[in-house]
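These notes are about the structure you will find just below.
The values are calculated or read from the model by the stated rules, or taken from the named source; none is laboratory data. Since the model is a prediction, treat every value here as computed from it, not as a measurement. Glycine also receives a Cβ, built like all others from the backbone with ideal geometry; neighbour counts cover every protein chain displayed.
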Amino acid sequence: MRWPGAVLALTSLYALFLVIRLPAAVVYAWLEPHRGDITLSDVSGTIWQGQAKSVLLQGHRFEQLSWSTHPFGFARGCIALSVSASLDSSPLRSDLDYCLSGQTTLSNAAVTLPVSQAQKLSNLNYVDADGLLFLDIQELGISDNKVNAVSASARWDNASLAFGETVSLGDLTAEIRLNDHNAIVAIIKDQQSTTFRINLTLTVDDDNTVTAEGFIAPQNPNDAEAHNTLSLLGNPNKQGQYQISYKGTL
């Protein structure tokens, strides 16, 4: 009775071996009806381990894509990959699970890129910004084109915004999560800024509505130059805080 089971197991392993050794270019051609707005160029290697010279995704071009497959993902009905690429010479890497259930999950993702480039990717071009963004995504889950899980943190080094004149904000951090209404929430705070205190909550709803609520204030209440810089935001409250309130769409 043991032989049929052993034969079946060996046959399954051999079939899996044949599948993962399929040329990536052949599989990419097979998937043409289901590729959506993803375009790869110069695909090489296999499903197990492969490369593409570039990826065009929603109008954004990524270079030097490479991937390796984790076979344990098949046992969960998922394709589990480790991927890396670059965007304007900025490195990107992530683990990616794509499951038959339709769930896609990014994890252990690290992204480093200029804030100006991040603005282009997100279409958040309401104000001129500068600095370097470090994004650490522990988990990002997507199903039916909707985000259903988020756990991430971000750091914005040498942050600056232009409100008629450039305002240097020092280094900022953010904790990003999903609230009870399935909206993405980022809580942004300053990190020992010598000039300003910042506390801002940024929310992105299912319908891509963006709201920002919070305040910015001089670290030193008697800093006349800082108050003059922030005067474009209106008058401060009794605590010397300049309120920030914004609502728009992505």
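For residue 205, are the conditions met, namely being charged (D, E, K, R), under 26 Å from the mean Cα position of the chain (by Cα) and surrounded by 15 or more Cβ atoms within 10 Å (Cβ to Cβ)?
Answer is yes for this residue.
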Q.
Based on this model, can you work out whether residue 101 counts as more than 11 Å from the chain's Cα centre (by Cα) and at pLDDT 90 or above?
A. no
Q: Spot the failing condition for residue 97; the list is (1) under 23 Å from residue 157 (Cα atoms); (2) in contact with a helix residue (DSSP H, G or I) (Cβ under 9 Å, 6 or more places away or on another chain), and only one is missed.
A: (1)
Q | Answer residue from the range 139-167, given it is modelled with pLDDT of 85 or more and either in contact with a Phe, Trp or Tyr (Cβ under 6 Å, 6 or more places away or on another chain) or of a type in the set (S, T, N, Q) (or both) and is farthest from residue 229 (Cα to Cα) among those | A | 143
Q) What do you reckon, is residue 226 in a helix (DSSP H, G or I) and either over 19 Å from residue 127 (Cβ atoms) or not β-branched (Val, Ile, Thr) (or both)? A) yes
Q. Inside the range 66-95, can you point out the residues that are among the aliphatic types (A, V, I, L, M) and touching a residue at least 24 places away in the same chain (Cβ under 8 Å)?
A. 85, 87, 92
(Q) Looking only at the range 208-240, how many residues end up being within 20 Å of residue 174 (Cα to Cα) and either at pLDDT below 90 or surrounded by fewer than 18 Cβ atoms within 10 Å (Cβ to Cβ) (or both)? (A) 7
**Q.** Residue list for the range 53-70, restricted to those being touching a helix residue (DSSP H, G or I) at 6+ places or on another chain (Cβ under 7 Å) and at pLDDT below 80
**A.** 60
(Q) touching a helix residue (DSSP H, G or I) at 6+ places or on another chain (Cβ under 8 Å) and either among the aliphatic types (A, V, I, L, M) or buried (at least 17 other Cβ atoms within 10 Å of the Cβ) (or both): is that true of residue 43 in this structure? (A) yes
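Is at least one residue of the range 78-90 of a type in the set (Gly, Ala, Ser), at pLDDT below 85 and in a strand (DSSP E or B)?
yes
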